[in-house]
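Below is one structure; the comments refer to it alone.
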Amino acid sequence: MLKYAIILALICVMFRWAMGEWPWSYLTSKPTRGQAVLNARKLLRVDEGASREQILAAHKRLIAVVHPDKGGSSKQVHDANDARDLLLAELPDREDGQKSD
């Protein structure tokens, strides 16, 4: 039984090395766009109707806290940047009211 556990652990490590992710990470679904937008709003702490200026100000405040020079990590900075980009992409254009791409 121990032999099978060791073989399974070795397979998992090889999978991680080859694919860059653990095998069980494929069991969870990726968030939908709506969920991603909600998560971005929570991360930046902005309301649904936040303007471009509010989003940029919230991003700037968050970056000041999570920047690696301030004790944060580069992953936190990337998450903050992704949240900002996603929320800015969700804003309607000024002329025709359509979302920007």
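Brief remarks on what is shown
- Summed over segment 17-33, residues that are closer than 25 Å to Ala83 by Cα and in contact with a Cys (Cβ under 8 Å, 6 or more places away or on another chain) total 1.
- Within segment 48-90, restricting attention to residues that are assigned to a loop (DSSP other than H, G, I, E, B) and either more than 20 Å from Pro31 (Cβ to Cβ) or hydroxyl-bearing (Ser, Thr, Tyr) (or both), the residue that is nearest to the chain's Cα centre (by Cα) is Ser73.
Here, each number is a calculation from the coordinates, and none is a lab measurement. The model shown is predicted, which means the values in this text are computed figures rather than measured ones. Heads up, the Cβs are rebuilt from the backbone with ideal geometry, glycines too, and the neighbour counts pull from every protein chain shown.
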